[in-house]
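The values are calculated or read from the model by the stated rules, or taken from the named source; none is laboratory data. From a predicted model like this one, the values you see are computed outputs, not experimental measurements. Please note: Cβ atoms are built from the backbone with ideal geometry, for glycine as well, and neighbour counts cover all protein chains shown.
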Amino acid sequence: MDLIVSTDALAAFCERAAQYDFVTVDTEFLRETTYWPRLCLIQVATNDEAVLIDPLAPDIKLAPFFALLANPSVTKVFHAARQDIEIFVKLTGSVPHNIFDTQIAASVCGFGDSASYDSLVRAICKVDLDKSSRFTDWSARPLSEKQRLYALADVTYLRDIYRELRQQVDRTRRWDWVEDELTTLRSIDTYVVQPEQAWERLKMKFNRARELAALKVLAEWRERKAQETDQPRSRILKDDVLYELAMQRPLSAEAFEKLRAVPRGFGRSSAAADIISLLKDVEALPKSELPAMPERYRGPSPKGAVGDLVRVLLKAVAEQQGVAARIIATSDEIDALVLDDDADVPALKGWRRKLFGDKALAIKHGRIGLVATRKGVIEIAVQREEPAE
């Protein structure tokens, strides 16, 4: 079992790995107490060898491995790649070239939504993994034999999973499905959080534009603080605190004492001083500079009967195609298309529109109906009576 702890050994391995069509990659990291994930271990396997790369070793630089990630002639195979790629984007400033995610491929091959690695190992490799080392401290050294075996298993079985899923995607001719999903993973915007856009990830609704303006500046301030100090967002301010601050907008140290979500004495902190300054600026904004509030929709509720019918259609289509429903459309996308025939959502584009989107719009406008049969739910055309002259 190779544990690479020097740059020379890493360079030699990466030179060998570059001769293969693909390598499998995984990482172990910690981020419970930090904003940025702390890389503790890299696992890589080719057809003929599997290694552990120790990024915490004092005599190692990862440049040879980063060059391998950037090599377009070698496919980098991950499972549930987003967090792994986020680490490499932080370290290199770019997304690895030529990536493949077996979780995405599994979802279009009928293994269910967000299939776990151990479930694919069980289904394809007929092996039950020992996952007891999943929550160990990967920054501690030396690594135990059990930790090493656990870590290597995350890339060795991945080779067989990748080969099998490639064959299944070939047989079903669903490469365009996989490629559509990989587009998001290949975009650097997926991993780089811009502080001024931090408010968008918060599922908070407001009725007044000034409340929304306050949320935007508070979320941006928290994101910048978290990034600058390398702390989790929740250690700066929890989400429920942001919401209450945006709603109440305290403008003095004393006003903080009346808030339920804020700890006692917070109003005298330097953070509170920053927040007061931001909120005073929000209060001073003229109405013309406040953010536009979304228009209220007056039609059928997407959570009502029409939305329910479209969701039944989605489940039926997913069952017919043997794929995870989420790959075709999410619940938010269904809401959007019920509200707007021209919604800018994946469900109304490309192969998803042909498979599902057009039928969803047809149900919405009463052109087709759904019927339960012994073979499942099927669509039927609706005969609509012409209005009398």
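Quick rundown of the values:
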quantity: Residue match in segment 34-52 (condition: basic (K, R) and either touching a Pro at 6+ places or on another chain (Cβ under 6 Å) or not assigned by TED's automatic domain parsing to the domain that holds T183 (or both)); calculated: no
quantity: Leading residue by the ranking (surrounded by the most Cβ atoms within 10 Å (Cβ to Cβ)) among those in segment 143-162 that are of a type in the set (S, T, Y) and more than 17 Å from I104 (Cβ to Cβ); calculated: Y157
quantity: Filter result for D154 (without any contact (Cβ under 8 Å) to a residue 60 or more places away in the chain, under 17 Å from A81 (Cα atoms) and assigned to a helix (DSSP H, G or I)); calculated: no
quantity: Some residue of segment 64-84 being surrounded by 21 or more Cβ atoms within 10 Å (Cβ to Cβ), assigned to a loop (DSSP other than H, G, I, E, B) and not β-branched (V, I, T); calculated: yes
quantity: Any pair with Cβ under 6 angstrom, 6 or more apart, that starts in segment 335-357 at a residue that is not assigned by TED's automatic domain parsing to the domain that holds V323 and ends at one that is of a type in the set (G, A, S); calculated: none
quantity: Any hit, segment 136-149, residues being within 26 Å of I327 (Cβ to Cβ) and in a helix (DSSP H, G or I); calculated: no
quantity: Any pair with Cβ under 6 angstrom, 6 or more apart, that starts in segment 179-196 at a residue that is closer than 21 Å to K216 by Cβ and ends at one that is modelled with pLDDT of 95 or more and surrounded by 12 or more Cβ atoms within 10 Å (Cβ to Cβ); calculated: P195/E220; P195/E223; P195/R224; E196/E220
quantity: Identity of the residue in segment 118-136, touching a residue at least 24 places away in the same chain (Cβ under 8 Å) and under 24 Å from the mean Cα position of the chain (by Cα), that ends up farthest from P58 (Cα to Cα); calculated: L120
quantity: Scan of segment 127-142 for residues that are more than 16 Å from Y117 (Cα to Cα) and either crowded, with 17+ Cβ neighbours inside 10 Å or among the basic types (K, R) (or both), ordered by number; calculated: W138, R141
quantity: Selected residue (criterion: surrounded by the fewest Cβ atoms within 10 Å (Cβ to Cβ)) from residues of segment 94-110 that are outside any loop (DSSP other than H, G, I, E, B) and of a type in the set (S, T, Y); calculated: S107
quantity: Options R148, R171: the member that is more than 18 Å from L41 (Cα to Cα) and more than 24 Å from the chain's Cα centre (by Cα); calculated: R171
quantity: Among the candidates L165, L91, residue that is buried (at least 19 other Cβ atoms within 10 Å of the Cβ) and of a type in the set (A, V, I, L, M); calculated: L165
quantity: Helices (runs of 4 or more DSSP H) wholly inside segment 238-297 containing at least 3 residues that are surrounded by 12 or more Cβ atoms within 10 Å (Cβ to Cβ) and β-branched (V, I, T); calculated: 270-284
quantity: Qualifying position, being polar (S, T, N, Q) and in the same structural domain as I363 (by TED's automatic domain parsing), among Q248, Q227, Q321, Q231; calculated: Q321
